[in-house]
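*Asks:* Below you'll find the structure I mean.
The values are calculated or read from the model by the stated rules, or taken from the named source; none is laboratory data. Here the structure is a predicted model, which is why all the values come from computation and not from measurement. Here the Cβ positions follow ideal geometry from the backbone for every residue, glycine too, while neighbour counts run over all protein chains shown. What goes into the accessible areas is simple: the full protein's heavy atoms, side chains included, and nothing from ligands, DNA or RNA. Shrake-Rupley method; radii C 1.70, N 1.55, O 1.52, S 1.80 Å.
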Amino acid sequence: MEFDPSTLTANHRYKLLVGAVLPRPIAVVSTIDAHGRTNVAPFSFFNIVSVTPMALALSPVTRPDGTDKDTLRNALPAAEGGLGEFVVNLAASCWVRQMSAAAEDLPPGDSEFDLTGLTPAPSRVVRAPRVAEAAVSYECRTLQVVRLAEGVPLSGNIIIGEVVNVWVRDGLVNDAMHVDLDGLDALGKLSGSGYCRTTDRFDLVRGRTALDAPDPT
Ligand SMILES: Cc1cc2nc3c(=O)[nH]c(=O)nc-3n(C[C@H](O)[C@H](O)[C@H](O)COP(=O)(O)O)c2cc1C
């Protein structure tokens, strides 16, 4: 079967994307607004985009009513009314319920920290707090926001953030900067309300030698 995106509903385009591009890592993004009020929300349209500069990107899509999500508003560069900063906290299985609860669409000013019981902890460089439950948090300064179709419901607004400080729980990373995956306990987002853990893993050499390796699966 083939599908021409221009003939599909937005809901069907969404399902064809999130149902196959998976598992997706989950960024739990903490921000503050101009009044210093905190906000936390999960995003799975999220990934690494650059090593030098060290950068991450996520996409809070435009709400069905055409407005920006609070995370986007807060992370916009100062010239566009935001604070130009945010923290990406990596979601883990042990606080998955709080992560999901943070997706509640609260009025601006009502904090998902209060709703979820997640704990704000001071960041070192940016004003937004990190989430203390996360094993890894990346403090970011907004480099660019790319709006794919301003004001159009479900359109992407890609926030690219330069990492200006990395917080890692003591003991989670060794001298070679290898992160302990069991300690990280990372989650993946599937379609609908589905999630997966990162407990089923295997190693494989890279490149043509992979063809001669035993099947690792
Ligand atoms: C696991 C998970 C992943 C999500 N990923 C996204 C995403 O990538 N983009 C998006 O716009 N909304 C995503 N959402 C929904 C937002 O978290 C939700 O709209 C939230 O209310 C936005 O909060 P804010 O207005 O405080 O920024 C996701 C929700 C969950 C539970």
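*Asks:* In whole Hz, what ³J(HN,Hα) sequence does the stretch 23-38 give by Karplus (6.51, -1.76, 1.60; θ = phi - 60°), x for Gly and Pro?
*Replies:* x, 9, x, 10, 8, 9, 9, 9, 9, 10, 9, 4, 8, x, 7, 7
*Asks:* According to a simple spin-label model (label point 7 Å from Cα along Cα-to-Cβ), what is the distance in nm between Leu115 and Ala149?
*Replies:* Each label point is offset 7 Å from its Cα along the Cβ direction, giving 2.7 nm.
*Asks:* Could you rank the peptides 87-98, 52-63, 183-194 by their average count of other C-beta atoms within 10 Å per residue, with the highest value first?
*Replies:* Top of the packing list down: 87-98, 52-63, 183-194.
*Asks:* Would you list Val205, Val168, Val126 from the most to the least accessible area, probe 1.4 Å?
*Replies:* Largest accessible area first, the list is Val205, Val168, Val126.
*Asks:* Counting only residues 5 or more places away or on other chains, whose amide H sits under 5 Å from the amide H of Ala132 once H atoms are built in the peptide plane?
*Replies:* When sequence neighbours closer than 5 places are left aside, the close amide H contacts are Thr119, Ala121.
*Asks:* How do the peptides 112-121, 20-29 rank, highest first, by the average count of neighbouring beta carbon atoms within 10 Å per residue?
*Replies:* Order by mean packing, descending: 20-29, 112-121.
*Asks:* While we're here: Please compute one quarter of the surface area of the Cα convex hull for the stretch 1-78 and express it in square nanometres.
*Replies:* 7.5 nm²
*Asks:* Please compute the net charge surrounding Pro23, taking Lys and Arg as +1 and Asp and Glu as -1 over other residues with Cβ under 13 Å from its Cβ.
*Replies:* Counting the neighbours of Pro23, the net charge comes to +3.
*Asks:* According to a simple spin-label model (label point 7 Å from Cα along Cα-to-Cβ), what is the distance in nm between Leu204 and Ile48?
*Replies:* Calculated label separation equals 1.8 nm.
*Asks:* Also, I was wondering about something else. Using the heavy atoms of the protein chains alone and a 1.4 angstrom probe, what is the accessible area of the stretch 23-212 per residue in square angstrom?
*Replies:* Accessible area per residue: 54 Å².
*Asks:* Turning to a different aspect of this structure: Evaluate the charge dipole of the stretch 1-116 about its Cα centre and quote only its size in Debye, nearest 20, assuming +1 on the Cβ of each Lys and Arg and -1 on the Cβ of each Asp and Glu.
*Replies:* Once rounded to the nearest 20, the dipole reads 320 debye.
*Asks:* Let me ask another. Got the relative contact order for the chain handy, in percent, Cα pairs under 8 Å and 6 or more residues apart?
*Replies:* 22 percent
*Asks:* Shifting gears a bit: Please report, as a whole percent, how much of the solvent-accessible surface of the chain comes from carbon and sulfur atoms (probe radius 1.4 Å).
*Replies:* With neighbouring chains kept in place, the figure for the chain is 54 percent.
*Asks:* Next question. Let me have the 222 nm mean residue ellipticity of the chain computed from DSSP H runs of 4+ only, each contributing -39500 (n - 2.57), with the sum over all residues rounded to the nearest 500.
*Replies:* Value at 222 nm, helices only: -3000 deg cm²/dmol.
*Asks:* Let's see if you can work this out: charge +1 on each Lys and Arg Cβ, -1 on each Asp and Glu Cβ, no other charges. What is the dipole magnitude of the chain about its Cα centre, in debye to the nearest 20?
*Replies:* 180 debye
*Asks:* Something else about it: Want the number for Arg197 to Thr7: 0.36 nm per residue separation, take away the alpha-carbon distance, what's left?
*Replies:* Fully extending the segment from Arg197 to Thr7 adds 64.9 nm.
*Asks:* Right, another one. What is the sum of charges, Lys and Arg at +1 and Asp and Glu at -1, for the other residues whose Cβ falls under 12 Å from the Cβ of Arg73?
*Replies:* Summing Lys and Arg as +1 and Asp and Glu as -1 gives -1.
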